[in-house]
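The values are calculated or read from the model by the stated rules, or taken from the named source; none is laboratory data. Source: prediction; values computed, not measured. Neighbour counts run over all protein chains shown; Cβ positions are idealised from the backbone, glycine included. Each accessible area value is taken on the protein alone, full model and side chains, heavy atoms only, with ligands, DNA and RNA left out. Shrake-Rupley method; radii C 1.70, N 1.55, O 1.52, S 1.80 Å.
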Amino acid sequence: MNKNAFTCLVFLYSFNLFSQISINPGEIFSIKVVDCPNIKTREELFINFEGIEYAILPAPFSKEELILNDYCFPIKVKKKKFGESRITIKDASKVNLSKSDSDRAFKESKLIKQSLNTYSKDLKPSLKFISPVKGIISSRYGKQRYINEKPRSPHLALDIAAAEGTSIIAPSSGRVILVGDFFYSGNYLILDHGNGLLSSYSHMSLIHAKLGDFVNKGDEIGKVGSTGRVTGPHLHWSVYLSKNRINPESLLQENFLDTLFNQL
Ligand SMILES: [Zn+2]
């Protein structure tokens, strides 16, 4: 190995030590493309901020500490206690599914998954989100869910409780890529914001958008309801980035963008 190559390696090694990112599960982090040029070959969300191009990436949900080695340097996903949420569903047919309901739910989950894999290049997403509904947060992201005392999947969404009929608006502009009445989610809609950033809205009493519609930030897309499997009227709001469910509440923090672009 010549001297230049050695110096380069030492530099890269120290760069890695200093640039390690440590982040909570479900949060978003950024990497400057110039620090990891290969990332451009991947289908990720890229955003220009003050003249610098960044890849915007999800820390997956995990109950244990994780090290992500998919990028140019290791990313540590910290262990975090999210707490639990216990709910009671009185309608037994929504918990112990009949054969036909179970077939229906299976088909629907495939359809939803397919839509959530969308990576559209014609839409330029904005990370400046506003709250989709005025209400009270009734269940946060990451809580271990128990339904009728049985452990279920963690709650990877944000629940906002509000009176039936309260307006739901698009928190950021996007295209409606799935809309319908689903077994678990009730009246449900997916917005594609572009480049692998998507969001979904469940349990609506009414939907005010059609498949293929482009909605602007602040446009009404529906009304709060209690359709599907619920305990009361609320919006179950999920946000997806590169196929990971991330914490929607983080996007609403006032200093979100500053934090995101100043991690390194
Ligand atoms: Zn929920």
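Give the lysines reachable from LYS121 as a straight Cα distance under 16 Å; neighbours fewer than 8 places away on the same chain don't count.
LYS40, LYS243
Considering all alpha-carbon pairs of region 113-264, what whole percent are spaced by more than 24 angstrom?
I get 28 percent for the Cα pairs in region 113-264 exceeding 24 Å.
In degrees between 0 and 90, to the nearest 10, how far off the longest principal axis of the chain does helix 3-19 point, with axes built from Cα atoms?
30
Given the rule -39500 (n - 2.57) for each run of at least 4 DSSP H residues, summed and divided by the residues of the chain, what is its mean residue ellipticity at 222 nm, to the nearest 500 deg cm²/dmol? Show your work: numbers first, answer last.
On the way: 3 runs with 41 residues, N = 264.
It lands at -5000 deg cm²/dmol.
Pick out which of SER131, SER153, SER173 has the largest mean-square fluctuation in a Gaussian network model of the chain, springs linking Cα atoms closer than 10 Å.
Maximum among the listed residues: SER153.
Helix 99-116: angle to the longest alpha-carbon principal axis of the chain, degrees 0 to 90, nearest 10?
40
At q = 0.19, 0.22, 0.23 Å⁻¹, what log₁₀ I(q)/I(0) does a Debye calculation on the Cα points of region 45-168 give, no solvent, two decimals?
Taken in order of the listed q values, log10 I(q)/I(0) reads -1.45, -1.39, -1.37.
Counting only the backbone N, which residues of region 196-228 are under 13 Å from the spot 7 Å out from the Cα of GLU43 toward its beta-carbon?
The answer is 196-198, whose backbone nitrogens lie closer than 13 Å to the label point.
How big is the shadow of the Cα convex hull of region 178-255, averaged over all directions, in nm²?
The Cα convex hull of region 178-255, projected and averaged over all directions, gives 5.7 nm².
Across the chain, what fraction of all alpha-carbon pairs, as a whole percent, falls in each successive 5 Å bin from zero upward?
All Cα pairs, binned at 5 Å, distribute as 1, 6, 11, 16, 18, 16, 12, 8, 5, 3, 2, 1, 1, 0, 0 percent.
Might you work out the accessible area of CYS72 for me, using a 1.4 Å probe with all protein chains in place, and round it to the nearest 10 Å²?
My reading of the accessible area for CYS72 is about 60 Å².
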